[in-house]
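Trainee: Sharing a structure below in structure tokens format, with a few things to ask.
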Amino acid sequence: MDLLLSRPGERVDSATGDTFRHLHHARRALDGAARWLPAVDPDSAAYGGALGSAVEASGAVIDLIRGHRDDTGAPVTPYALAFTTRSARAYHLSHASSTLQSVSRIVHTVRRTLGNRNASVRLQTAHASLQYASVQARYTGTGADQALAAFPQALSLTPVPALSTDPLTQDAGRIRDDCERLSRAAYETLHGRSVQPLSGSDLQMITRWRSLGTMLAGRLLMQAAGEAPSGEAGTLLRNCADLFRNSARAWRDVQERWDRVVDVDDPQIRPRLPKPSYEMVRRGQVSRMPRGAPPHPAVEIARASTLRAGRLLFGGGWDPDSPTRPPEARPARDIVADAGGVAELAQTAYRLTVADWRIAVAGPRAVTAIEHRLLTDVPEHCPADHPYRFYQLHGHQLERLRNSFQQVCAAQQAAAQSLLAAAPAIGMDTSRAVLDAAAHRHITARTWAPVAVTPGVVTRGAVVPPPAAPGRRARL
């Protein structure tokens, strides 16, 4: 409770402070009782069983929350800031109340079985303090943010390859894991915390894979429309698929802006250069292109998520680099069954929109960090009397490159909006969308809007349109 609810430099309201005070009294009383009891062998069964599992589970909760921050305490995902609100503290208190009540009953039972009066007195004090803490936590836990139940695990940026032998039933879950990793990479890039910053070649490859992956996600939604629970749900999913195709086109526009752009520090992606003449070689006017660092992990993660989407659609043998014509899509019933149902497939598609939006938000920041080393050989923009084939990008070229990412943001918002609008018809849980709304407010203003959660009911979300139309909101 102390680790979850108390943060340095934050003010704690009086109600939460009362809970802390009662817990402090209980802990002191338990420590005092322990001095009058015989020591227990750490290897004995007393450390196992249900209580041992409860202790491990409590530690897992703390590790889950800490995983969203680095060693210095800085956030590495947008969800790290979700626990800084009062409603998040209330969420923890509401769940801690029943736990504290159970612990107080255990302490009371132990006290009655002891023959040591000194220990019994202290255990009675601990029992009373835990009961007070439980009641106070239940009172303070009103107004809890139930969306925190969808709080994700902060996955490391270690790619999990997509193998042709992987069971298709695991693809949807692994795509969602890939989305968590891509979101983390985007957030670290946005705030300049990446251990390995994205290069120009990394951005080009990620853009390529996300363009293909978004198109495949739209195809999956088209297949799911045929298995939707009602005709209305099928129509809504087809509309979602259309918006996913728009998103894929927006990603392709970004690809075109990167065409014939070279990052001189990492020229993995570059135009085909003519072989140098013998005279240039003799004069020493030719040098090898530098070898950049290995690709950013986000490149392989983006590729893996695209492969999984394609194999869910076409089968385990699908290869995007194959020169042959793509196979026919698998039967819709098999696709939906392997994805876990229509609602789970839509949830996976929604998570892709969130990850893509964050990548697009971080894109301009990544371009600005490397703009000094971006060159192009497009002849129509070459400065007059420039002696070399390659020249540095002009400011207007860089601005168009940044703006192309903004078009992706708008397209992904529209796709997310359509999925959340279809959620009631297909039974998709939108608790994660509510959590995303809170997380996105820490990234940019006027994006995914906060949505109230009703326990046990599928929540309807809201997306705010781009800043070009201030004051207007599209309800989902």
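The values are calculated or read from the model by the stated rules, or taken from the named source; none is laboratory data. In this text, all values refer to a predicted model and were calculated from it rather than measured experimentally. Positions of Cβ are backbone-derived with ideal geometry, glycine not excepted, and every protein chain shown enters the neighbour counts. For the accessible areas, the whole protein counts, side chains as well, though only heavy atoms, and no ligand, DNA or RNA atoms are used. Shrake-Rupley method; radii C 1.70, N 1.55, O 1.52, S 1.80 Å.
Trainee: What's the carbon and sulfur percent of region 343-391's accessible surface, probe 1.4 angstrom, rounded to a whole number?
Mentor: Values: 1090 of 1960 Å².
Roughly 56 percent, rounded to a whole number.
Trainee: Here's a follow-up. Can you tell me the accessible area per residue over region 73-216, all protein chains present, probe 1.4 angstrom, in square angstrom?
Mentor: Values: 6280 Å² over 144 residues.
For region 73-216, the solvent-accessible area averages 44 Å² per residue.
Trainee: Can you tell me the order of 227-236, 50-59, 179-188 when each peptide is scored by its average per-residue count of other Cβ atoms within 10 angstrom, highest first?
Mentor: 179-188, 227-236, 50-59
Trainee: Could you pull out which residues in region 194-234 have an amide N less than 17 Å from a spot 7 Å beyond the Cα of D377, following the Cα-Cβ vector?
Mentor: So the set is 201.
Trainee: Compute the length gained on full extension between E56 and Q196: take 0.36 nm times their separation in residues and subtract their Cα-Cα distance, giving the result in nm to one decimal. Write out the running numbers ahead of the final one.
Mentor: Working: separation 140, 0.36 × 140 = 50.40 nm, distance 3.36 nm.
Extending this stretch completely gives an extra 47.0 nm.
Trainee: Kirkwood Rh over alpha-carbon pairs of region 140-228, then Stokes-Einstein at 10 °C and 1.306 mPa s: what D in µm² s⁻¹, rounded to an integer?
Mentor: Numbers: Rh = 16.1 Å.
After rounding, the answer is 99 µm²/s.
Trainee: Rounded to the nearest 0.05, what FRET efficiency do S230 and D334 have when you use their Cβ-Cβ distance and R0 = 22 Å?
Mentor: FRET efficiency, S230 to D334: 0.55.
Trainee: How much length is gained if the chain between L163 and R66 is pulled fully straight, taking 0.36 nm per residue apart and subtracting their Cα-Cα distance, in nm to one decimal? Could the numbers behind the result be given before it?
Mentor: On the way: separation 97, 0.36 × 97 = 34.92 nm, distance 3.11 nm.
Answer, rounded to one decimal: 31.8 nm.
Trainee: Something else now. Which chymotrypsin sites (Phe, Trp or Tyr not before Pro) from region 334-388 combine a DSSP loop assignment with at most 15 other Cβ atoms within 10 Å?
Mentor: Details: sites: Y350, W357, Y388; in loops: Y388.
Those that pass, being in a loop and sparsely packed, are Y388.
Trainee: How many nm separate the modelled label positions at L114 and H396, each set 7 Å beyond the Cα in the direction of the Cβ?
Mentor: For L114 paired with H396, the spin-label model returns 8.2 nm.
Trainee: With a cap of 16 neighbouring Cβ atoms within 10 Å, and only residues DSSP puts in a loop, list the trypsin sites (Lys or Arg not before Pro) found in region 191-274. Intermediate results must be reported in sequence, preceding the final value.
Mentor: Numbers: sites: R193, R208, R210, R219, R238, R245, R249, R252, R257, R260, R272; in loops: R193, R260, R272.
Counting only loop positions with at most 16 other Cβ atoms within 10 Å, the trypsin sites (Lys or Arg not before Pro) in region 191-274 are R193, R260, R272.
Trainee: Starting with the highest mean, order 129-136, 302-309 by the number of other Cβ atoms within 10 Å, averaged over the residues of each peptide.
Mentor: Numbers: 129-136: 22.0, 302-309: 26.0.
Answer by packing, highest mean first, reads 302-309, 129-136.
Trainee: If I compute solvent accessible area with a 1.4 Å probe over the protein chains, what percent of it on region 180-264 is carbon and sulfur? Could you put the intermediate results ahead of the total?
Mentor: Values: 1530 of 3270 Å².
About 47 percent, which is the carbon plus sulfur part of the accessible surface.
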